[in-house]
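K.L.:
I have a structure here, written as structure tokens, and I will follow up with some questions on it.
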Amino acid sequence: MTPPADPRLRELAQLRRVRDRIDREYAQPLDVEALARGIDVSSGHLSRTFRAAYGESPYSYLMTRRIERAMHLLRLGDLNVTDVCFAVGCQSLGTFSTRFSELMGMSPSEYRRRAAADPHAVPAGIPSCQARQVLRPVRRSTREPVRNREAPTAPLS
């Protein structure tokens, strides 16, 4: 398949590849420099264009993806918080706990306790595509989903 002739479309295709890589490899050691090397751009350029396209930095998107997966693992209750932290690719329990608390409004331990205490809070038997939508982390201040908030785009001219 040949790349699009329009440079803006080519750039959007590259950004989609970066986002898809984050979605696939969230548990692997990823940083902005490695993601940028994968599409042959600088880390600064990747950060600027990713934020313009998706409304958040690549690092923020990666951490949110990790927190989404951590929520699932914590609801299952098979792993302790430290094991969940490392299972989703975080290298620091402190950073993981801080980011989790920022997004969810409670610590990972508290989230796990609440999920265990109220099994009906987690929808059972619904398709994973719907569960993901229902259980997606939301910003406490606006109650808007954290992920996939695409920034407004200027009309192509």
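The values are calculated or read from the model by the stated rules, or taken from the named source; none is laboratory data. This one's a predicted model, so the numbers in the text were calculated from it and none came from an experiment. Quick reminder, even Gly has a Cβ in these numbers, built from the backbone with ideal geometry, and neighbours come from all protein chains shown.
K.L.:
Can you tell me which residues in segment 84-101 are surrounded by fewer than 21 Cβ atoms within 10 Å (Cβ to Cβ), part of a helix (DSSP H, G or I) and touching a helix residue (DSSP H, G or I) at 6+ places or on another chain (Cβ under 9 Å)?
P.N.:
F86, A87, L93, T95, S97, R99, S101
K.L.:
Since R75 meets every condition but one in (1) surrounded by 19 or more Cβ atoms within 10 Å (Cβ to Cβ); (2) modelled with pLDDT under 95, which condition does it not meet?
P.N.:
Here R75 clears every test but (1).
Yes/no per residue for (1) of a type in the set (K, R); (2) assigned by TED's automatic domain parsing to the domain that holds Y111; (3) buried (at least 19 other Cβ atoms within 10 Å of the Cβ); (4) in a helix (DSSP H, G or I):
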{"site": "R16", "(1), (2), (3), (4)": "yes, no, no, yes"}
{"site": "D23", "(1), (2), (3), (4)": "no, no, no, yes"}
{"site": "Q28", "(1), (2), (3), (4)": "no, no, no, no"}
{"site": "L35", "(1), (2), (3), (4)": "no, no, yes, yes"}
{"site": "R66", "(1), (2), (3), (4)": "yes, yes, yes, yes"}
{"site": "A70", "(1), (2), (3), (4)": "no, yes, yes, yes"}
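K.L.:
Could you figure out which of (1) touching a residue at least 60 places away in the same chain (Cβ under 8 Å); (2) more than 19 Å from I67 (Cβ to Cβ) isn't true of Q28?
P.N.:
Exception for Q28: condition (2).
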